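One structure below.
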Amino acid sequence: MNPEKRRPLIFDIHRYALDDGPGIRTTVFFKGCPLNCIWCHNPEGIASEPELFHQPKNCILCGDCLSVCPEGAITINGCVRINRKLCNGCGLCAAECPGKAMTIKGRYYEPEELVGIILKDKRFFEHSKGGVTFSGGEPTQHCLYLGQVLRKLKDNGVHTALQTCGFFHWDLFETELLDMIDLIYFDIKCLDPDLHLQFTGQSNTNILANFSKLVYMAHSKLTCSIPVISGFTAELGNLKSIAEFIGSIDHLPYRLLPYHPGAIIKASAIGKDAAPNLFAHSIALEKYRDIVKIFDTIVKKKLTGFGGQGSGIGDRGAGIRDKGNSRKTLITSHDK
């Protein structure tokens, strides 16, 4: 199905976000992603349909969900159990749940409604030089809808950012979004096409083609995001190839994103099994800092004709950078 024919769903709106761009931001998370990364931090954002999100720690075993489920998908035997094969995602159980142990991930907002929610925090945006960030999932699955939202936000002077896996239809993206976006965080996970297919379920051909077009057409808006995940993207060969690739492009900002295994709990909440041993793929802070230094060194060796000071590494959790250099490494606390 052409993703533009789907009704765009939002699975979360995170106000007062500090890790998704400059200043205080509101981050809007879209459902639906063309990739299926083994380590995905937001598994509830992969499917395009609404999903029942169950948090047992909030359950008070009242049985209200059992009484309203039309499919008989819920049983209680010491705890609530959900038969995901029977569940149709109608949301009646979530509407009745007094403890909010059950919620539905995925809601449609009319463009005007979503803009209204975002503009509630315009004062914070203005004082902190913040704005709105669209994430997911993959927001570019809904270029026409997002374009409507972005135009209304730009009319109100709001700074806009996009987090993208890079797998999108270029013509729609260029027509509907490119001029409306101030900052683009573009994921580069693997340059090796076979590894990319193995880790994400998709080839990186379209992704790298889109990245090249953005380098040419919107270089000043672009920041490269590299997830650092032990056993996957953090292998020396992969990091070296990405660092050399980035170093071949003048004045391209980049950020290395350490992995946070919160996906395990979230995958369980939607009835899915996370990849085995995901906890083992987290990297200790000191090792992570060593990786950043090695990455910076490789990038600097590849640079020609502008400095070579690289990026500073400090102790603040997000937005660490060398302010005296246009090339920077940002340390943030999560991966998309």
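The values are calculated or read from the model by the stated rules, or taken from the named source; none is laboratory data. No experiment lies behind these values; they were computed from the predicted model shown. Because the Cβ atoms are built from the backbone with ideal geometry, glycine has one as well, and the counts that use them run over all protein chains shown. Heavy atoms of the whole protein, side chains included, go into the accessibility calculation; ligands, DNA and RNA do not. Shrake-Rupley method; radii C 1.70, N 1.55, O 1.52, S 1.80 Å.
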Looking only at segment 137-174, filter to residues that are small (G, A, S) and in contact with a strand residue (DSSP E or B) (Cβ under 7 Å, 6 or more places away or on another chain); which one of those is nearest to P8 (Cα to Cα)?
G137
Residue list for segment 190-217, restricted to those being assigned to a helix (DSSP H, G or I) and open to solvent by less than 10 Å² (accessible area, probe 1.4 Å)
H196, T200, I207, N210, F211, L214
Please specify each residue of segment 150-168 satisfying the condition of being buried (at least 17 other Cβ atoms within 10 Å of the Cβ) and assigned to a loop (DSSP other than H, G, I, E, B).
V158, C165, G166, F167, F168
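So that you can scan it fast, the table gives a plain yes or no per residue for (1) under 20 Å from the mean Cα position of the chain (by Cα); (2) farther than 16 Å from E112 by Cβ:
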| position | (1), (2) |
| --- | --- |
| G136 | yes, yes |
| T140 | yes, yes |
| C143 | yes, yes |
| L146 | yes, no |
| L153 | no, no |
| G157 | no, yes |
| C165 | yes, yes |
| W170 | yes, yes |
Tabulated pairs, segment 77-99, first over 13 Å from L61 (Cβ atoms), second open to solvent by 50 Å² or more (accessible area, probe 1.4 Å) and assigned to a helix (DSSP H, G or I), C-beta under 6 angstrom, 6+ apart or interchain
E96/D64
As an exercise: evaluate N58 against (1) open to solvent by 10 Å² or more (accessible area, probe 1.4 Å); (2) under 11 Å from the mean Cα position of the chain (by Cα) and give the number of the one condition it does not meet.
(2)
Odd one out for C65, checked against (1) assigned to a helix (DSSP H, G or I); (2) open to solvent by 20 Å² or more (accessible area, probe 1.4 Å)
(2)
Quick check on G147: is it crowded, with 16+ Cβ neighbours inside 10 Å and in contact (Cβ under 8 Å) with a residue 60 or more places away in the chain?
no
Could you tell me whether any residue of segment 85-101 is closer than 28 Å to D273 by Cβ and polar (S, T, N, Q)?
yes
Where D187 falls short, out of the listed (1) open to solvent by 30 Å² or more (accessible area, probe 1.4 Å); (2) among the charged types (D, E, K, R); (3) closer than 24 Å to R25 by Cα
(1)
Among the residues of segment 124-131, is there at least one that is charged (D, E, K, R) and crowded, with 18+ Cβ neighbours inside 10 Å?
no
I'm checking my understanding of the structure. Among residues of segment 110-123 that are in a loop (DSSP other than H, G, I, E, B) and open to solvent by 30 Å² or more (accessible area, probe 1.4 Å), which one is nearest to T27 (Cα to Cα)?
K120
Note on segment 243-274: residues aliphatic (A, V, I, L, M) and either in a strand (DSSP E or B) or touching a Phe, Trp or Tyr at 6+ places or on another chain (Cβ under 8 Å) (or both) are A243, I246, L256, L257, A263, I264, A269, I270
For C90, only one of the following conditions fails: (1) modelled with pLDDT of 95 or more; (2) within 27 Å of the chain's Cα centre (by Cα); (3) over 17 Å from I13 (Cα atoms); (4) not polar (S, T, N, Q). What is its number?
(1)
Out of the residues in segment 68-87 that are open to solvent by 70 Å² or more (accessible area, probe 1.4 Å) and in a strand (DSSP E or B), which is nearest to L9 (Cα to Cα)?
R81
